[in-house]
Amino acid sequence: MKMMMMMTSMMTYLLSSTGVRPPLTTKLQMTDVYDQKTNKPRPDVLKQHFVGEGRLKPDVALRIIADGAAVFRQEKVLLDIPQPITGYICLSVPSTVVTKVGL
């Protein structure tokens, strides 16, 4: 018990002296992330939470992924390549390294 208390106090000291904060323990819920009036995510809340290494409830994360996938499906700039694909495709995104993807 004494050893555990010493370890806890040592960790508290180290974290406070280095300025490193422990990660957030609360998980954001749907009402925290989505605006009630517009039904859109609140990026300021998400950014602040993720900077603090916070996490989301699973249903919130799944909704964000589903909403993002729906936006990408509506994009006209995406390629729909029929399968099977053999060989390599070179992808180039401005100001990034060209990536070679083996398929």
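Just the residues that are touching a residue at least 12 places away in the same chain (Cβ under 8 Å) and closer than 21 Å to Gln29 by Cα, please, taken from the range 50-87. Let's see the steps before the verdict.
Initial filter on the range 50-87 (touching a residue at least 12 places away in the same chain (Cβ under 8 Å)): 52-57, 59-60, 63-64, 67, 85-87.
Gly52, Glu53, Gly54, Arg55, Leu56, Lys57, Asp59, Val60, Arg63, Ile64, Asp67, listed by residue number.
Name the residues in the range 44-74 that are outside any helix (DSSP H, G or I), within 10 Å of the chain's Cα centre (by Cα) and surrounded by 13 or more Cβ atoms within 10 Å (Cβ to Cβ), would you?
Gly54, Arg55, Leu56
Out of the residues in the range 17-43 that are assigned to a helix (DSSP H, G or I) and of a type outside the set (A, V, I, L, M), which is surrounded by the most Cβ atoms within 10 Å (Cβ to Cβ)? Explain how you work it out, then say what you get.
Going through the range 17-43, the residues assigned to a helix (DSSP H, G or I) turn out to be 17-18, 30-33, 43.
This time we only want the ones that are of a type outside the set (A, V, I, L, M), so: 17-18, 31-32, 43.
Working: Ser17: 8, Thr18: 8, Thr31: 9, Asp32: 15, Pro43: 9.
Within the range 17-43, the match that is surrounded by the most Cβ atoms within 10 Å (Cβ to Cβ) is Asp32.
Bear in mind that the values in this text are calculations on the coordinates, not laboratory data. Everything quoted here is computed from the prediction, not taken from an experiment. Every residue, glycine among them, receives a Cβ derived from its backbone with ideal geometry; neighbour counts consider all protein chains shown.
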